[in-house]
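The values are calculated or read from the model by the stated rules, or taken from the named source; none is laboratory data. Keep in mind the model is a prediction, meaning the values are calculated, not measured. Note that we place each Cβ from the backbone using ideal geometry, even for glycine, and neighbour counts take in every protein chain shown.
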Amino acid sequence: MQLHEKLREIFRHAAGQAESKETAVPGVRNGVRASQLDARWIKSRHSNAEGNCVEVAPLTGGGIAVRNSRDPDGPALIYTPAELAAFLAGAKDGEFDHLV
């Protein structure tokens, strides 16, 4: 079993224990204005100078916020560490290469 498959299995198990995706990260809901979060945003060193970046920020409740750098006041999506780990493992394995 590859790493991303193991991470997905862990996430599926954890998701089954959570009441809903909204309660996966206590106190923070998806779509909250990114500027309302008390967060320190980080972008990849691979980001380009035109600002076409995805930024991430760790949250005090254990979640990870994601926003579009072109809209810093726009909505933030909130993920659990297991959700983001599964996504990153898939990206590293090339599962999304056909999108770019």
Of the residues in region 30-46, those that are of a type in the set (G, A, S) and out of contact with any strand residue (DSSP E or B) (no Cβ under 8 Å at 6 or more places or on another chain) come to S35
Condition set surrounded by 16 or more Cβ atoms within 10 Å (Cβ to Cβ), modelled with pLDDT under 75 and in contact with a Leu (Cβ under 9 Å, 6 or more places away or on another chain), scope region 7-31, selection nearest to A86 (Cα to Cα): answer is L7
Tally of residues being surrounded by fewer than 19 Cβ atoms within 10 Å (Cβ to Cβ) and touching a Gly at 6+ places or on another chain (Cβ under 9 Å) across region 60-79: 7
Looking at region 32-68, which of the residues that are outside any strand (DSSP E or B) and of a type in the set (A, V, I, L, M, F, W, C) is nearest to P81 (Cα to Cα)? L59
Out of (1) at pLDDT 90 or above; (2) surrounded by fewer than 11 Cβ atoms within 10 Å (Cβ to Cβ), the one D93 does not meet is (2)
